[in-house]
1. How much net charge surrounds Asp102 when only other residues with a Cβ under 12 Å from its Cβ are counted (Lys, Arg +1; Asp, Glu -1)?
2. Give the residues of the stretch 83-98 whose amide nitrogen is closer than 15 Å to a point set 7 Å from the Cα of Lys114 in the direction of its Cβ.
3. Using a Förster distance of 22 Å, how high is the FRET efficiency between Cys106 and Gln68, based on the Cβ-Cβ distance and rounded to 0.05?
4. If packing is taken as the average number of other Cβ atoms within 10 Å across a peptide's residues, how do 51-63, 92-104 rank, most packed first?
5. Give me the angle, in degrees from 0 to 90, between the Cα long axis of helix 109-122 and the longest principal axis of the Cα atoms of the chain, rounded to the nearest 10.
6. Just the number, please: percent antiparallel of the DSSP beta bridges in the stretch 7-147, rounded to the nearest 5.
7. Working out 0.36 nm times the residue gap between Thr126 and Arg19, then minus their Cα-Cα distance, what length gain in nm do you get to one decimal?
8. Note down the net charge around Asp132, summing +1 for each Lys or Arg and -1 for each Asp or Glu among other residues with Cβ under 12 Å from its Cβ.
Amino acid sequence: MNLFINEKQFEFWKLRRARISNTAIATNFGISRQAVSKALLTIGSKIETALREMARANKIAIVKINPQLGVLLGRSVPLDVDAIIFVSGSHGLQVWYEHDGDCGACEEYAECIKLLWDYAEELDITLNRTADPTKMAEELFSKLKEMV
């Protein structure tokens, strides 16, 4: 993920998103709490800018945005479907459109499953086991909407 964010800032952000306190992050990295707070303010602004730019590029009308979680909820204007833009620590900036796909016939099947499981784990969201990425996404993003 490159939003002009250095790796240490991004690591702080991921830890904060995981509900780790600024004090614990500072202690872990051997720096002041103020340095962590400043870095988190900077990265929060950059993440919000990235989410907004991705929404604009994909013609997604913004409904709700939460830079602390790295999530933007919106509606695709050209596709007329709900969309979610999110920041994943391992997959970078992602756009997911609500759809009923033929997942079994899709070349992206394994990648979708991995993305959804990884992202759920990053947010500490428990999902029911299923082999259908569409159902997984519905469950994951329903729970995510409650968090935003």
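Only the coordinates and a few stated rules stand behind these numbers; no lab work does. All values derive from a computational prediction rather than experimental measurement. For neighbour counting, all protein chains shown are included, and Cβ atoms are generated from backbone atoms with ideal geometry for every residue, glycine included.
1. Working: positive: none; negative: Asp100, Glu107, Glu108, Asp132.
For residues surrounding Asp102, the net value is -4.
2. 89-92
3. Numbers: r = 32 Å, r/R0 = 1.47.
Efficiency, from the Cβ-Cβ distance: 0.10.
4. Values: 51-63: 16.2, 92-104: 13.6.
The most tightly packed comes first, giving 51-63, 92-104.
5. Here the helix axis deviates by roughly 40 degrees.
6. 100 percent
7. On the way: separation 107, 0.36 × 107 = 38.52 nm, distance 1.64 nm.
Separation in residues times 0.36 nm, less the Cα-Cα distance, equals 36.9 nm.
8. Working: positive: Arg129, Lys135; negative: Asp100, Asp102, Glu138, Glu139.
With Lys, Arg at +1 and Asp, Glu at -1, the neighbours total -2.
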